[in-house]
Amino acid sequence: MRWWQIRKRDADVERELQSDLDLEEEEQRERGVSPEEAHHAALRAFGNPTLISEQTRAVWSWNGLENILRDLRISVRTLFRSPGFSLIAIIVMALCIGATTSLFTVVRSVLLRPLPFRDPDRLVMIYEHFRDPSMNAQEFNYNHVAPADYYDWRAQTHGFEDMAAFRWWQFSLTGERGELPEMVSARGGSWNLFPMLGVQAAIGRTFTESEDSPDGNTVMLTWSLFERRFGGNPWVVGRQIHLDGKPYTVVGVLPKWFTYPDAKIQIWISYASGLPPDILRHHDFHFSSVIARLRPDVKLANALSQVEAVQYRLHLQNLNAPVAEDVAPKTIIEDLAQNVKRPLVILLSAVGCMLLIGCLNVANLLVARSAARQKEIGVRNALGARRMTLIREQLMESLLVSIAGGVTGVLLSLAATNWLVSTWTDLPNVQSIGADGIVLAFACSLVFASAMLSGLLPAISSTSKGAIAALQASSRNVAGSQSRTALRKTLLTVEIAATVVLLIAAGLLLKSFWRLRTTDVGCATDNVLTMSYSLPTKKYDTPQKVNAFNETLLEQVRTTPGVRAAGLGSMVPGAGAGEDDAFTIPEHPPIAPGTALPDALYRTADPGYFSALQIPLLRGRFFTGADRAGSPKTVIINRLLAQQYFLDENPLGKHLHVVPYGNADHEIVGVVADTLYQVGQSPKATMYFPVLNGDSNPGGLTLAVLTSSEPLAFSVPIQKQIAELDPELPVSDVLTIRQIIERSLGNASLTARLVLGFAALSLMLASVGLYGVLSYLTTQRTGEIGVRMAMGARREQVVHLVLGDGLRPALYGLTLGLAASIGAVRLIESMLYGTQPLDPAIFAAVAATLLAVAVLACLVPAWRASQIDPMQALRTE
Amino acid sequence: MSSMGKQTPQRANLLQGTLDMLILRTLLYGPAHGHQIGKHIQRTTNDFLQMQHGSLYPALHRLEQRGWVTAKWEVAPDRNREFKYYRLTDKGRKQLVVEESQWKRMAEAVARVMWPAAEEMR
């Protein structure tokens with residue numbers, strides 16, 4: 001309907017009512033009532049003409065849009081009338097909605113959105129699974145798959161359309177003419193991996209079946225390497241690049257969006273290429289991830305049971321090798337997000353909590369305002385405004401606040417998401433994290449939920465009273481606002497309880513993080529610089545050449561001024577688990593068939609390794625220059641291995657028989673103290689083999705340098721020494737041990753910091769809420785306090801009175817929050833290290849902090865109340 | 001003002017939806033204006049049904065919007081003034097039949113629950 005039609009209709013309604021009202025009046029007069037009386041009688045019989053005309057017009061109004069526009073106008077005006085309140089409410093909403101949206105964006109991209117593969121619902125990862133529960137405790141319940149297992153699964157089962165495998169690898173990449181060397185992260189994928197995932201090469205092609213063999217020499221580049229190193233120039237396809245000094249032909253480039261399983265990967269080779277053929281026949285080299293595509297007509301459980309049957313047979317055939325009995329499935333998303341799922345859930349719960357607190361706070365502010373407008377609402381009620389109209393108007397206000405906060409919040413969240421993604425290094429699938437339709441829809445529903453939550457309660461409470469009661473209630477009449485005060489106190493109690501839960505979670509996570517940081521890893525952590533390199537097997541093809549390089553380098557580093565010691569080994573403590581191998585002890589009776597062989601972490605070390613890292617020797621000796629290729633084979637074990645496998649015997653002089661390296665007996669010559677392979681994990685049995693013995697894994701080596709001053713200052717001089725020895729050799733991971741530890745704790749530190757931030761914000765909101773309620777209450781009771789003081793109450797008594805009023809909800813909230821925390825800490829229990837979930841110190845500290853903040857928030861209103869001049873207070877009534 | 005807010009206990013509130021039917025039925029006698037319709041219903045029920053203007057006028061306009069009645073300003077025969085007269089349309093007649101039969105079924109259903117004995121006796 002057009003506006004002029006609306007006008008006409010309005011005039012028509014007025015005229016109709018007027019004529020009928022006149023008629024009523026005439027009839028009354030005709031009955032003999034005096035004209036004056038007739039007018040009133042007609043009005044009485046008729047009712048409220050304004051209201052009737054309004055209701056009649058409402059029949060014609062177009063979908064109530066008119067009403068909404070009117071409410072909008074009124075609400076905007078009301079909000080502008082108190083800019084302070086509006087601004088605070090909008091900021092609170094923006095922070096809460098922004099943080100929640102950000103976290104949801106990450107959760108959606110990482111945990112909820114399927115990967116962009118063909119039919120991702122039918123893809124599943126399959127791992128080996130040991131039945132022994134003690135193995136599961138060491139994270140062997142999802143054990144990587146051995147190549148021979150994978151080949152047997154693929155050949156002997158029929159429930160899956162196809163099965164593909166990929167493995168971790170790392171290369172030193174150089175060009176055909178010895179361009180700048182660089183370490184690149186790589187994966188070896190079976191030839192059918194890309195077709196199975198539905199991934200096509202952006203340029204060129206993917207691998208063929210014949211290329212997936214030990215002498216395969218083709219390579220695919222990921223888009224990032226293609227753009228960065230080859231300038232995005234397609235001529236590179238068909239050319240050769242050198243990996244560890246060996247030529248490989250580039251057959252294709254992967255599309256830009258393909259960053260599975262992580263974005264750091266630069267190169268893909270075929271699964272078998274470069275692997276010795278006998279490793280492919282092994283059932284106990286666990287280094288592959290297997291993805292399978294389920295046949296559409298088969299149930300996952302059926303398909304898996306076939307694989308399980310094959311695996312159990314393999315287990316029976318290899319009783320003395322670590323070949324698992326079962327298999328275990330995992331979705332690809334679960335597999336990628338295993339390290340971040342729990343922190344994400346915790347963070348999302350924390351921001352949800354904060355959003356709740358924010359809404360309650362805005363609700364509290366609105367209750368205060370509606371209390372101030374009590375009279376206005378009473379008058380409008382008496383004039384015939386319907387309750388729904390009043391509620392709708394108040395809801396419109398909270399909706400406006402929420403929308404303004406929501407828009408600001410979503411903008412904030414874009415920045416916050418970027419920050420989160422760049423800070424949180426463990427996040428998988430990073431490039432796909434971003435806001436999309438679902439995230440926007442989520443943000444919109446957040447806005448509406450917050451508006452309802454923060455608006456409905458105050459609106460209902462402020463309009464529930466009858467018109468007369470509202471008008472009769474004077475400010476001297478405290479009873480009139482009793483229910484509203486109770487509502488505010490209840491809101492406050494819930495707010496404080498939620499804050500307590502957040503504070504306790506933050507406290508526990510922080511304490512756990514602090515425990516992690518201060519853990520003794522068992523070696524020197526200050527002034528130790530490490531860097532890694534990997535000697536290419538083509539150039540360094542004999543143990544003599546390898547040893548010559550390593551010994552020359554060590555000699556040069558040790559004579560560098562400022563260097564106290566230097567050592568070389570496969571890994572340093574804190575850098576991860578790395579490889580582990582099964583061993584037997586020839587002096588002991590043979591292991592009964594059917595039990596798994598003992599297993600220990602594999603490390604290599606040079607004669608100076610232990611003294612450079614200050615790992616103490618417990619028995620026997622360190623390696624010497626004589627422990628090298630050609631001389632008797634030796635090994636050093638750690639305390640745990642000695643304790644576990646040589647209970648009361650002297651391990652020195654006994655032997656370890658290790659299959660993969662030389663398939664020989666190694667004499668135990670020393671026992672060293674335990675170190676942590678990763679902070680937060682308990683130590684494992686470890687065996688150290690001499691770097692110089694020639695048959696150790698030629699893979700990466702880590703140089704550890706103990707310096708007398710700031711270790712990073714030595715990084716450039718030492719890298720220069722390496723470059724002088726071999727200009728083609730890339731050096732990677734130049735880090736201090738402290739940095740390695742910090743890096744492995746990044747996850748824990750970020751989670752703890754974020755939850756602490758949310759908790760601090762919540763505490764602030766809660767204290768502002770407490771202050772607001774109490775200030776309002778004190779103003780309400782000015783008259784009463786005036787009377788009390790006039791009757792002889794002392795100022796301390798007034799302070800006590802007001803303080804007690806404010807601290808009561810704080811105490812209730814604290815109790816409620818502490819009780820709720822006992823349940824809530826279960827969520828974070830598994831993330832805690834060296835910290836009890838019910839840590840009494842944390843609970844006590846949180847209670848004390850909260851009480852202190854509450855007292856501070858209450859003191860100002862209480863002091864103000866005590867300064868009331870009784871005469872003044874009574875006169876203003 | 002308060003008289004419209006409170007009802008004397010002897011008077012009943014109209015059942016939801018029956019007002020439309022009563023108005024349509026009243027208009028069956030011929031065109032009438034709002035005041036007449038209200039008075040007629042009130043008088044016919046011996047003041048049992050107290051007509052509330054707050055619901056009468058919105059109801060009239062709702063019927064007009066649905067096309068069941070038409071409205072026209074006409075001079076009243078006994079007063080020398082124009083009133084807004086409502087007149088039943090063909091659509092309105094059909095609607096009256098529909099609502100009447102619905103009401104009958106409703107009333108019978110209620111009666112069967114309330115006075116089952118009377119039902120058996122029949």
- Note on the structure: The set of residues whose placed amide H lies less than 5 Å from the amide H of A:T634, leaving out same-chain residues fewer than 5 positions away, is A:E667
- Given the candidates A:T417, A:M388, A:N361, the one whose Cα lies deepest towards the positive end of the charge dipole of segment A:329-439, counting +1 at each Lys or Arg C-beta and -1 at each Asp or Glu C-beta, is A:M388
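On average, how much area does the Cα convex hull of segment B:13-121 cover when viewed from any direction, in nm²? List each step's numbers first, then the result.
On the way: hull surface 32.8 nm².
Mean shadow area of the hull around the Cα atoms is 8.2 nm².
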- Query: Hull surface divided by four, with the convex hull built on the Cα atoms of segment A:536-728: how many nm²?
  - Reply: 11.9 nm²
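For a footprinting-style exposure proxy, rank A:T56, A:T50, B:T26, A:T518 by other Cβ within 10 Å, fewest first. Show your work: numbers first, answer last.
On the way: A:T56 27, A:T50 12, B:T26 19, A:T518 9.
Listing A:T56, A:T50, B:T26, A:T518 from fewest to most nearby Cβ atoms yields A:T518, A:T50, B:T26, A:T56.
How large is the convex hull of the C-alpha atoms of segment A:319-456 per residue, in Å³? Walk me through the numbers before you get to the answer.
Values: hull volume 21.9 nm³, N = 138.
Value for segment A:319-456: 159 Å³ per residue.
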- Message: Cβ neighbours within 10 Å, averaged per peptide: list A:820-829, A:663-672 in order, most packed at the top.
- Response: A:663-672, A:820-829
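Exposure proxy check: A:R781, B:R105 ranked by fewest other beta carbons within 10 Å? Please list the in-between numbers first.
On the way: A:R781 23, B:R105 10.
Exposure proxy ranking, most exposed first: B:R105, A:R781.
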- Message: I'd like the distance between the alpha-carbon centres of segment A:61-121 and segment A:754-794, rounded to an integer number of Å.
- Response: 30 Å
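When you look at the Cβ of every residue in B:52-64, what mean number of other chain Cβ atoms sits within 10 Å?
Numbers: counts 3, 13, 10, 4, 4, 12, 10, 2, 3, 10, 3, 1, 2.
So the per-residue partner count for this stretch is 6.
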- Message: For A:T222, what residues show an amide H to amide H distance below 5 Å, using hydrogens built from the backbone and excluding near sequence neighbours?
- Response: A:L254, A:I267, A:W268
- Item | Whole-Å distance, taken between Cα centres, linking segment A:191-220 and segment A:238-303 | 8 Å
- Over the alpha-carbon set of segment A:3-62, divide Rg by the Kirkwood Rh and report the Rg/Rh ratio to two decimals. 1.10
- Sorted largest first, the C-alpha extents of the protein assembly as shown along its principal axes in whole angstrom are 135, 79, 66
- Amide H within-cut-off set for A:E161, under 5 Å, with H built and near neighbours excluded: A:R293, A:L294, A:R295
- Extent along principal axes [Cα atoms of segment A:625-764; Å; largest to smallest]: 67, 48, 30
- Message: Helix-only estimate, please: 222 nm mean residue ellipticity of chain A, summing -39500 (n - 2.57) across DSSP H runs of length 4 or more and dividing by its residues, to the nearest 500.
- Response: -17000 deg cm²/dmol
- If eta is 0.692 mPa s and T is 37 °C, what Stokes-Einstein diffusion coefficient results for segment A:365-425, Kirkwood Rh from Cα pairs, in µm²/s? 228 µm²/s
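For A:Y271, A:Y248, A:Y833, what's the fewest-to-most ordering of other Cβ within 10 Å of each Cβ?
Values: A:Y271 28, A:Y248 22, A:Y833 17.
Ranked by crowding around the Cβ, least crowded first: A:Y833, A:Y248, A:Y271.
Using only alpha carbon pairs under 8 Å that are at least six residues apart, calculate the relative contact order of segment A:314-451 and give it in whole percent. Display every interim value, and only then the final one.
Details: 36 pairs, mean separation 44.3, N = 138.
Relative contact order, segment A:314-451: 32 percent.
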- Message: Cα atoms only: what Rg and Dmax, in Å, come out for segment A:85-233?
- Response: 22.1, 73
- Item | chain A: DSSP helices with Cα axial extent of at least 15 Å and average Kyte-Doolittle hydropathy no lower than 1.0 | A:83-107, A:341-372, A:437-463, A:746-780, A:840-866
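Could you work out the relative contact order of segment B:47-122, using alpha carbon pairs under 8 angstrom and six or more residues apart, expressed as a whole percent?
Values: 44 pairs, mean separation 14.6, N = 76.
Dividing the mean separation by the residue count of segment B:47-122 yields 19 percent.
Please report the projected area of segment A:144-323's Cα convex hull averaged over all directions, in nm². List each step's numbers first, then the result.
On the way: hull surface 42.8 nm².
Directional mean of the projected Cα hull area for segment A:144-323 stands at 10.7 nm².
If the limit is 29 Å between Cα atoms, which of A:K375/B:K84; A:K264/A:K330; B:K39/B:K72; A:K341/A:K511; A:K545/A:K654 go over it? All intermediate terms of the calculation are to be shown ahead of the outcome.
Working: A:K375/B:K84 39 Å; A:K264/A:K330 23 Å; B:K39/B:K72 19 Å; A:K341/A:K511 21 Å; A:K545/A:K654 31 Å.
In this structure, A:K375/B:K84; A:K545/A:K654 exceed 29 Å between Cα atoms.
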- Note on the structure: For chain A, averaging the sequence separation of alpha carbon pairs under 8 Å that lie six or more residues apart and dividing by its residue count, the contact order in percent is 15 percent
- Task: Please give the peptides B:70-83, A:407-420 ranked by average Cβ packing (other Cβ atoms within 10 Å per residue), highest first, as a rough proxy for protection.
- Result: A:407-420, B:70-83
- Note on the structure: Taking Rh as the Kirkwood radius computed over alpha-carbon pairs of segment A:165-224 and applying Stokes-Einstein at 4 °C with viscosity 1.567 mPa s, one gets a diffusion coefficient in µm² s⁻¹ of 100 µm²/s
- Task: Taking every pair of Cα atoms in segment A:262-359, average 1/r, invert it to obtain the Kirkwood radius, and report Rg/Rh to two decimals.
- Result: 1.14
- Message: Can you compute 3J(HN,Hα) from phi for each residue in segment B:105-111, using the Karplus curve 6.51 cos²θ - 1.76 cosθ + 1.60 with θ = phi - 60°, rounded to whole Hz and x for Gly and Pro?
- Response: 4, 4, 4, 4, 4, 4, 4
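Laboratory data are not the source of any read-out in this text; all were calculated from the coordinates shown. A quick note: this is a predicted structure, and the numbers were derived from the prediction, not measured. Ideal geometry is used to build each Cβ from the backbone, glycine not excepted, and the neighbour counts take in all protein chains shown.
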